[in-house]
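One structure is given here, and the rest of the page talks about it.
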Amino acid sequence: MPDRTQSLLVEEVTKSFGPVEALRGVSFAAAPGEVLGVLGPNGAGKTTVVNILATLLRPDSGRAVVAGHDVVTDAAGVRRSIMLTGQYAALDDSLTGFENLVLFARLLGMRRRAARARARELLAEFDLDDAADRPVGRYSGGMRRRIDIACGLVVPPQVVFLDEPTTGLDPRSRQRVWDLVAGFKAQGITTLLTTQYLEEADLLADRIVVVDRGVVVADDTAVRLKDRVGGSFCEVVPLRPGDVTAIADVVRTLTYGAVEIGA
């Protein structure tokens, strides 16, 4: 029987694309109902982690388990347990919002009447009733993001992956996505949120994993991470490069040698 003590478990996962090492021994875990923020710059490996957890990529080594299902040996079990929203909405622009939802429901095995009822329910929940019969190609960016997430919730998942879901959205649309994440937490759904925005991870995540160049460089709560890197600083820029040594000596004297001098 699958182990439900951790919704997500990643152990020493590596992944390379030719000579490029995208992941170099990444490890972290998330408990049921937890919101885990994965923070890092472009190229850090965030999307690669999500693609491995969603069974879109196979890891070169290491182990990854989602909702008790191994991503390599039980990929079908993982797919039955998750919702994935990438950086770009996976929708048919020629279909209406209602038709997209019905299509997803039918692909997941729901009967026609149940699929239509679930579509109407989600349109109301995501405040998209007025746009239900409009082609998705005419939706705004925020509306496209909401209907994309709604399609992933046709069958309630155990784990949600949101890969930079607010990139390019206006402040109001970002807030709507943030409200959705809060709703997932209230329902006990585990959420992995990748983002480049520190304030987004700070606001939403119970814990933050910071990834840089394919490795985890920090894993803690937002408060503890800020305590570790916080504090005041003074930057001194000399007018002449030759004054650096003299300025460093003065600063060390004033601080009793308690600071580091950077080049």
**Report entry** Relative frequency of Cα-Cα separations exceeding 21 Å in segment 1-115, percent
**Finding:** 47
Report task. Take the solvent-accessible surface of the protein heavy atoms, probe 1.4 Å, and return the percent of it on segment 1-64 that carbon and sulfur atoms account for. Result -> 54
Query raised in the report: Under a 1.4 Å probe, what is the accessible area of segment 54-138 per residue, stated in Å²?
Result: 57
Query raised in the report: How big is the Kirkwood radius of the chain, worked out from every pair of different alpha carbons and given in Å to one decimal?
Result: 20.5
Query raised in the report: Any idea how far apart Val215 and Ala75 come out in nm if each label point goes 7 Å out from Cα toward Cβ?
Result: 3.0
Query raised in the report: When the chain is fully extended, how far beyond the present Cα-Cα distance does Leu107 get from Glu121, taking 0.36 nm per residue of separation?
Result: 3.3 nm
Query - Full-stretch length increase - Val237, Ala90 - with 0.36 nm per residue and alpha-carbon distance subtracted - result: 48.0 nm
Report task. May I ask you to give the average projected area over all directions of the convex hull of the Cα atoms of segment 31-91, in nm² rounded to one decimal? Result -> 5.1
Query raised in the report: For the modelled label position 7 Å from the Cα of Ser16 along Cα-to-Cβ, which residues of segment 36-67 have backbone nitrogen atoms closer than 19 Å?
Result: 44-46, 48-49, 52, 57-63
Query raised in the report: Under the Kirkwood approximation applied to all pairs of distinct alpha-carbon atoms, what is the hydrodynamic radius of segment 73-180 in Å?
Result: 14.1
Report summary line: Per GNM of the chain with C-alpha springs under 10 angstrom, the most fluctuating residue out of Glu125, Glu99, Glu164 is Glu125
Report summary line: Any aspartates and glutamates whose Cα falls less than 15 Å from that of Lys15, other than same-chain ones fewer than 8 residues away, would be Asp60, Asp212
Query raised in the report: Quick one: ranking Lys185, Lys15 by accessible area, 1.4 Å probe, largest first, what do you get?
Result: Lys185, Lys15
Query raised in the report: Could you give the semi-axes, largest first, of the ellipsoid that matches segment 108-252, computed as the square roots of 5 times the alpha carbon gyration tensor eigenvalues and rounded to whole Å?
Result: 46, 18, 12
Query raised in the report: Between Rg and the Kirkwood Rh of segment 1-59, both from Cα atoms, what is the Rg to Rh ratio?
Result: 0.99
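The values are calculated or read from the model by the stated rules, or taken from the named source; none is laboratory data. Owing to the predicted nature of the structure, the values given are computational and were not obtained by experimental measurement. Reconstructed Cβ throughout: ideal geometry from the backbone, glycine too, with neighbour counts over all protein chains shown. Note: accessible area is taken over every heavy atom of the protein model, side chains too, but ligands, DNA and RNA are not part of it. Shrake-Rupley method; radii C 1.70, N 1.55, O 1.52, S 1.80 Å.
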